């Protein structure tokens, strides 16, 4: 059953890749359609790696970023979390910690 799920995911990812290769800038990043296993094992990246084996990649080959990983949103999340950390540190009379800020801002994204 897991193999069938993987095969369906590969078909979907290859279709997304084909759309991206045609210059379709609206192509969805395959990581957005990937399930938890595919995200964990980076299986969604397989079509791009296969393409890279055949020829050098060009910018048009790359996937669009997920909306949640775009620089503007990531910066806002980090700055908001840092402001909360500084305020909490001042209230508790301790030093603000960057690792704590990163964990609060992006912790679940890394799991």
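What the table below lists for this structure:
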| read-out | value |
| --- | --- |
| Per-pair calculated FRET efficiency, R0 = 30 Å: residue 109 and residue 88 via Cβ, rounded to 0.05 | 0.90 |
| Sorted peptide list for 35-44, 48-57, criterion being average Cβ within 10 angstrom, highest first | 35-44, 48-57 |
| Sequence of 108, 82 once ranked by neighbouring C-beta atoms within 10 Å, starting from the fewest | 108, 82 |
| Two-decimal Rg to Rh for segment 31-111 - Kirkwood Rh, Cα set | 1.16 |
| Chain lengthening between residue 52 and residue 99 when straightened (0.36 nm per residue, less Cα-Cα) | 13.4 nm |
| Gain upon complete extension [residue 68, residue 40; 0.36 nm per residue less C-alpha separation] | 8.3 nm |
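Computed from the coordinates by the stated procedures, all read-outs in this text should not be read as laboratory data. Computed from a predicted model, the values in this text were never measured in an experiment. Don't worry about glycine lacking a Cβ; one is built from the backbone with ideal geometry, like all the others, and counts go over all protein chains shown.
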